[in-house]
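Engineer: Take a look at the following structure, please.
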Amino acid sequence: MKLPNARVAVVPDSKISGYLLSDIHPVGRVKARFFSGFGFSGERPGELADALKRLAQTYEVLAAEASPFGMRYIIDGVLGTPDGRNPTVRTVWFVGTGEAVPRFVTAFPASRR
């Protein structure tokens, strides 16, 4: 199954600039080292947002979990990167109850099995 309405998925700027590419965020700074290591930059946050959206549109949902607030979707896939090394990452998306638009929650390196 694909992420419902992936073509209109939203990646808030605050999740990119204030979290995934933030050198000062308590949790995000570790992720910032990972993503910047593949050529993503806080000066071009749209590159990472676009790559995350492409991943969501391309790969199958690994798990879908219902909560009282909506559905959480987990997608693993190869993330296209500026330096071309393209790591596999896990992304989490959320669709609130009564909503149709998936919103990006987080991303991190996918564990290797």
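The values are calculated or read from the model by the stated rules, or taken from the named source; none is laboratory data. Bear in mind the structure is a predicted one, so any value in this text is a computation, not a measurement. All Cβ positions, even for glycine, are placed from backbone atoms using ideal geometry, and neighbour counts span all protein chains on display. When the accessible area is computed, the model is the full protein with side chains, heavy atoms only, and any ligands, DNA or RNA have been set aside. Shrake-Rupley method; radii C 1.70, N 1.55, O 1.52, S 1.80 Å.
Engineer: Kindly indicate whether any position in the stretch 21-32 is in contact with a strand residue (DSSP E or B) (Cβ under 7 Å, 6 or more places away or on another chain) and either of a type in the set (A, V, I, L, M, F, W, C) or open to solvent by less than 50 Å² (accessible area, probe 1.4 Å) (or both).
Structural biologist: Yes, that holds for at least one residue.
Engineer: Within the group LEU48, LEU52, LEU3, which residue is open to solvent by less than 30 Å² (accessible area, probe 1.4 Å), more than 21 Å from PRO82 (Cα to Cα) and in contact (Cβ under 8 Å) with a residue 12 or more places away in the chain?
Structural biologist: LEU3
Engineer: Shifting gears a bit: Tell me which residues, restricted to the stretch 85-94, are touching a Lys or Arg at 6+ places or on another chain (Cβ under 8 Å) and open to solvent by less than 20 Å² (accessible area, probe 1.4 Å).
Structural biologist: VAL92, TRP93
Engineer: Oh, and also: Look through GLY37, GLY77, GLY42, GLY70 and report the one residue that is farther than 12 Å from THR91 by Cβ and open to solvent by less than 20 Å² (accessible area, probe 1.4 Å).
Structural biologist: GLY70
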